[in-house]
Every structure is written in structure tokens, then in C-alpha cells.
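Worksheet: one structure, shown below.
The values are calculated or read from the model by the stated rules, or taken from the named source; none is laboratory data. Keep in mind that this is a model prediction, so the values were computed, not measured. No Cβ is skipped: glycine too gets one built from the backbone with ideal geometry, and neighbour counts run over all protein chains shown.
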Amino acid sequence: MKSAILTLLAIGLASCATPTPAAPTEKAPASTKVAKKAAAPKPKPYPLKTCLVTGDGLDDMDERVSVVHEGQTFEFCCKPCVKKFYKNPGKYVRALEKAKG
């Protein structure tokens, strides 16, 4: 009796299984091209040897930090200067433009 129940259970479970779909065999046409993303432009290098916030030499401090803002790299003597920069970035962008001449 047990074997008959197990046989019926096995047949019932087997009939519930769904067939695995076959993998597509068709290839994409050769003319199909994948569009590549344009590489982001490299940020402009920082041209000064001093921090725009303090005026101190960048190599005078151990905490030299750099950030990229609107495609321009800015370097600072320490992390607190980065916070001051982001409070009024326009001020320092103009200062950099003026310093570059």
C-alpha cells in the first residue's frame, strides 16, 4: 500500500514540473552595434601650489586633500578647508580664475 501511494505521489509531482525553456539559438544580426558610453572628461588639474582657502603651501600640511568641482580639481591643505570651500564655492572658483590670470 505504501509503495502504491509513493508511486502515485511521484507521478503527481512529475506531472506538475514545468519544462525548462530551450535557450535561444538565434544570434543577433551582425549589423547590430552596442552604443558605448562616452568617457567622462578628465578634470582640469589644479594649477597652484597653495591652498585657496588659507594661502598656505600645499606641501606644508600632512592632510593635503583634493576634490573635483564642476570639472576642475581643487587642492586644499586640510579637510576643514574643503568644508569652507563648499560653503561658498563660487568665491573660490573666481579666486582660482583670478590666480591663473
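Tabulated results
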item	result
Residues satisfying the stated conditions in the range 64-79, i.e. out of contact with any helix residue (DSSP H, G or I) (no Cβ under 7 Å at 6 or more places or on another chain) and farther than 16 Å from residue 50 by Cβ	68, 70, 71, 79
Qualifying residue in the range 12-27 (condition: modelled with pLDDT of 80 or more and among the small types (Gly, Ala, Ser))	no
Residues that are surrounded by 13 or more Cβ atoms within 10 Å (Cβ to Cβ) and either over 20 Å from residue 88 (Cα atoms) or polar (S, T, N, Q) (or both), drawn from the range 45-56	50, 54
